[in-house]
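The values are calculated or read from the model by the stated rules, or taken from the named source; none is laboratory data. What you are looking at is a predicted structure, and each value in this text was computed from that prediction instead of being measured. With ideal geometry, Cβ positions are generated from the backbone for all residues, glycine too; neighbour counts draw on all protein chains shown.
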Amino acid sequence: MFEKFMCYCKNGKGALEASVEAAKGKNEQLIASIKETDSQLKQAKADLKSAQESRAAAKEAVAKATALREKEAGVFAKESGDFKTNLAAMKKATAAISGGMGGAFLQTSAASALKQLSINMEMSNMDREVLTSFLSGSSATGYAPASGEIVGILKQMTDTMAADLADIEATEAASIKDFNGLMAAKTKEINALTKEVESKTARIGELGVQLVTEKEDLDDTSKSLVEDEAFLKDLEASCKTKEAEWATICSIRAEEILALADTIKILNDDDALELFKKTLPAASLLQLTASGQAVKSRALVALQKGSGDFRLNLISLALKGKKVSFDKVLVMIDEMSALLKHEQVTDDDKKAYCEKMIDQTEDKVKELELSVSDLEKAVADAKESIATLGEEIEGLADGIKALDKQVAEATDARKEEHTDNTETLAGDNAAKELIGFAKNRMNKFYNPKLYKAPAPTAAPGAFAQVAPPPPPETAGAYKKNSAGSGGVIGMMDMMVADLDKEITEIEVSEKENQKEYEQFMSDSAEKRALDSKSIEDKEGVKADTEARLLKDEESKTSTIKEAMATHEYLGDVHGDCDWLLNNFDSRKAARAGEVDALTKAKAVLSGADFSLIQRSEVRRHA
């Protein structure tokens with residue numbers, strides 16, 4: 001046994017030194033790896049923050065560009081509308097003057113727009129005076145400008161304004177093109193940054209797990225290193241002690257006194273007594289231990305649960321003239337009737353258009369308002385779902401942490417229990433060997449037939465001996481006390497039986513506890529895998545929900561803007577159509593009366609006696 005112990009000292013020391021060196025090397029690698037992983041994690045977080053800031057800046061640029069484009073579009077709409085209105089007024093004025101209807105034109109609404117232009121537009125003072133005089137009807141002052149000059153001025157104004165309109169239209173087209181290009185570039189940039197944010201987030205998660213794993217590995221290796229170093233130190237001290245003991249143990253005694261003295265020394269030695277106190281407690285202590293074990297078993301079971309016409313006056317005035325031609329008046333009546341009928345057709349068409357546009361626009365407004373309501377509900381549902389998923393993910397993560405803690409505690413408890421059982425078994429076996437050695441020693445004296453001689457090269461434990469020198473002289477023949485030795489040997493047998501019983505109980509308990517621990521670890525690993533998979537699935541659903549939320553919020557914003565624009569358009573349609581729709585019947589009735597009056601006037605003029613008029617004219621010539 002001493003040689004085995006010395007062999008253990010030699011081999012164990014080498015294995016421990018190799019383990020210590022391997023642990024030191026592994027610690028250095030882990031420290032370097034932790035620094036590298038931590039550096040990568042910090043860089044990934046910095047990259048993520050940069051990508052998020054760039055994406056936010058891109059979205060802000062899109063919002064500003066959109067607002068600027070809307071403002072420019074509004075300015076263009078107003079300016080182009082004014083230009084088109086003024087161009088229409090000037091074209092009407094040009095046509096009216098060219099057709100000899102200048103006086104009639106001055107009574108139209110287009111003349112008002114032309115008057116404003118005569119003040120605002122850039123032109124020579126002479127042209128401005130000519131145009132202003134014409135528009136103000138200043139013929140009463142004695143000024144009668146030629147119509148050709150006015151037409152020329154109007155055409156020049158028309159050309160200038162048309163050029164200005166073309167300029168702003170070209171500018172608007174260029175702005176739209178630039179805006180569309182910017183939107184395409186920014187959308188591509190935002191999509192790329194979004195992908196980068198997602199990939200960086202995933203990478204941060206991976207690096208975080210890797211960093212925690214490496215730190216735990218470093219902690220375990222450091223603890224193992226400390227334990228190995230301490231054990232190596234103890235081993236060296238223990239080996240030196242054993243060597244010293246080996247050199248000083250054995251002395252030779254007389255046969256019976258030597259046997260009894262050796263037996264007493266073996267059983268009364270401080271190490272042996274301390275060993276017996278640990279391995280052979282009193283009966284009451286054994287009962288408490290057994291009771292404690294039962295309580296512990298029950299505790300383990302309990303813990304395992306889980307929108308009249310003034311033009312007739314012109315015909316009347318013509319009829320009042322002295323040199324009137326009925327043919328001309330009839331033509332005027334025909335033209336006026338055709339014009340009135342054309343206006344009625346125009347009113348009919350516009351009425352139908354207005355009613356159609358109002359119905360369509362109101363329907364679209366209702367549809368957009370319904371879409372906004374649906375999107376608001378979808379946004380609210382998505383936010384609620386995201387919050388719920390976040391709570392569930394947090395709960396699962398907390399559960400995994402708690403499970404990991406339970407596994408670590410169970411592992412520590414199992415290690416401690418296994419260590420205690422191993423130490424107890426080793427002590428019991430050592431005690432058995434010690435008792436057996438003592439019993440064998442007594443048998444050598446009292447029962448030589450039962451004595452078993454030790455192997456020549458082996459010594460029993462720390463109490464091995466070398467060949468004894470010759471015994472000293474005694475007082476004479478001595479009689480063996482066999483009867484007394486039987487009681488001592490019987491007590492030793494009882495002690496061995498108690499030790500065997502305790503060893504059996506410990507071995508059975510160790511197997512059951514190990515089996516329960518392995519089952520617990522298997523169940524924990526399965527639950528952790530399921531919870532981790534659930535977290536991964538929920539995080540995927542959460543990410544999809546967040547993407548859908550962002551899309552719904554953008555759709556909601558664009559739909560609200562479209563609804564507001566549709567409301568404004570409906571207001572414009574009502575502003576353009578309400579007067580016509582409200583006065584359509586009265587206008588139609590008035591126009592029908594005018595046509596009827598013109599028809600009757602034509603009939604009267606067509607049936608007049610023209611011979612009298614011709615005679616009157618002949619007399620005047622004579």
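A few notes on this one:
- Summed over segment 411-431, the residues that are buried (at least 16 other Cβ atoms within 10 Å of the Cβ) and either touching a Ser or Thr at 6+ places or on another chain (Cβ under 9 Å) or closer than 30 Å to residue 526 by Cβ (or both) give a count of 8.
- Residue count for segment 24-53 under the criterion of being more than 17 Å from residue 204 (Cβ to Cβ) and of a type in the set (Ser, Thr, Tyr): the result is 1.
- Filter result for the condition that a residue is farther than 30 Å from residue 22 by Cβ and either in a helix (DSSP H, G or I) or at pLDDT 85 or above (or both), over 237, 202: 202
- Selected residue [more than 20 Å from the chain's Cα centre (by Cα) and either within 30 Å of residue 514 (Cα to Cα) or in a helix (DSSP H, G or I) (or both)] from 389, 403: 403
Residue-by-condition table, conditions (1) surrounded by 12 or more Cβ atoms within 10 Å (Cβ to Cβ); (2) on the phi < 0 side of the Ramachandran plot; (3) at pLDDT 90 or above:
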site	(1), (2), (3)
39	no, yes, yes
57	yes, yes, yes
62	yes, yes, yes
80	yes, yes, no
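- Residue 413 vs. criteria at pLDDT 90 or above, of a type in the set (A, V, I, L, M) and either part of a helix (DSSP H, G or I) or under 48 Å from the mean Cα position of the chain (by Cα) (or both): no
- Selected residue (criterion: farthest from the chain's Cα centre (by Cα)) from residues of segment 560-589 that are under 16 Å from residue 362 (Cα atoms) and of a type in the set (Ser, Thr, Tyr): 569
- Exactly one residue out of 365, 345, 372, 379 is out of contact with any Ser or Thr (no Cβ under 6 Å at 6 or more places or on another chain) and surrounded by 15 or more Cβ atoms within 10 Å (Cβ to Cβ): that is 379.
- Looking across segment 542-552, just one residue is touching a Leu at 6+ places or on another chain (Cβ under 6 Å) and not basic (Lys, Arg), and that is 552.
- Test result for residue 438, over 30 Å from residue 526 (Cβ atoms) and either touching a helix residue (DSSP H, G or I) at 6+ places or on another chain (Cβ under 9 Å) or exposed (fewer than 13 other Cβ atoms within 10 Å of the Cβ) (or both): yes
- All helices (runs of 4 or more DSSP H) inside segment 82-159 with 3 or more residues being modelled with pLDDT of 70 or more: 125-135
- The single residue among 524, 509, 534 that is closer than 20 Å to residue 425 by Cβ and among the polar types (S, T, N, Q) turns out to be 509.
- Positions within segment 545-579 being over 30 Å from residue 384 (Cα atoms), surrounded by 14 or more Cβ atoms within 10 Å (Cβ to Cβ) and aliphatic (A, V, I, L, M), in sequence order: 570, 573
- Pairing each residue of segment 394-422 that is among the basic types (Lys, Arg) with any residue that is surrounded by 13 or more Cβ atoms within 10 Å (Cβ to Cβ), provided the two are 6+ apart or on different chains, yields C-beta distances under 6 Å for 414/517.
- Of the listed requirements (1) farther than 30 Å from residue 212 by Cβ; (2) modelled with pLDDT of 75 or more, residue 28 misses just one: (1).
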